[in-house]
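Colleague: Below is a structure I'd like to ask you about.
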Amino acid sequence: MGERFSLIDIAIMAVSGLRFNSTNGVEQQEIHMRGSGKMTHPLTASIALPDWWGEAVPDDLILTTSEAQMEFAIGLAERNVAADTGGPFGAAIFREEGTLIAAGVNRVVASSMAIAHAEMVAFAMAGCAIGHHDIASVGRTTLVATTEPCAMCLGAVGWSGVTSLVCGARDEDARSVGFDEGPKPSHWVSDLEAVGIRVETDVLRDRAAQVLVHYVESGGIIYNGRAALGESPDA
Ligand SMILES: [Zn+2]
């Protein structure tokens, strides 16, 4: 039980019968829909942060510049790769004055959950941290993402309530190592700004992109959708 779980997680586990371990986050009692095996329907789904989280994410962290906030998020991505706990992406959400609300790293493979991108994990953790679905309920906030958001996370940026987005590596950096960013509109920056979300790009881009390269060179899994059917964009 090296993972960090909230009391709500633990209560849900007790009710649902889910068991957690330190490597996969969720150890399901049945393997769902693999082959012709028995299928059970889980009562809940939960994303667990890696067990090194407490060492990397201090309480009461305040970082006031985009560069410092990005450096922190890149550090999470680097550690996620080094510890073999997920993909090479990190994200963090800060209040306007620089206080960290929540952060996330990619946990797709570890959580058996396609949506567990770093940004989505950060949104989920932020909602738990503030007790509200709308992050704007605590005022103006910034999402810092080590790579420009994919199509899914781009949509979630709009729903999350954050008022600024700061990006490191570009889409093309992710695609160049094999990750699918999905069908994003080419004018996504102006689309966000049109609805009042300020966007800053290329913040420590080279360092953020280097994490992607390092992940692939170290044998990391490219976990795009449909890869199991041989239909992923990089197949
Ligand atoms: Zn994403």
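Colleague: Fewest first, what order do HIS41, HIS214 take by the number of other Cβ atoms within 10 Å?
Modeller: Sorted ascending by nearby Cβ count, the order is HIS41, HIS214.
Colleague: Taking the mean number of other Cβ atoms within 10 Å as a proxy for protection, how do you rank 64-76, 197-209, 85-97 from highest to lowest?
Modeller: Most protected by this proxy first, the peptides run 85-97, 64-76, 197-209.
Colleague: Now for a different question. Express in nm, to one decimal, how much length is gained between HIS214 and THR201 on full extension, taking 0.36 nm for each residue of separation and deducting their alpha carbon distance.
Modeller: 2.6 nm
Colleague: How do 106-112, 150-156 rank on mean C-beta neighbours within 10 Å, highest first?
Modeller: Going from most to least packed, we get 106-112, 150-156.
Colleague: What FRET efficiency comes out for the pair ASP51/HIS132, r = Cβ-Cβ distance, R0 = 30 Å, nearest 0.05?
Modeller: With a Förster radius of 30 Å, E is 0.65.
Values quoted throughout were computed directly from the atomic coordinates according to the rules given, and no laboratory measurement underlies them. Note that the structure is predicted; figures quoted are calculated from it, not measured. Cβ coordinates were reconstructed from backbone atoms using ideal geometry, including for glycine residues, and neighbour counts include every protein chain displayed.
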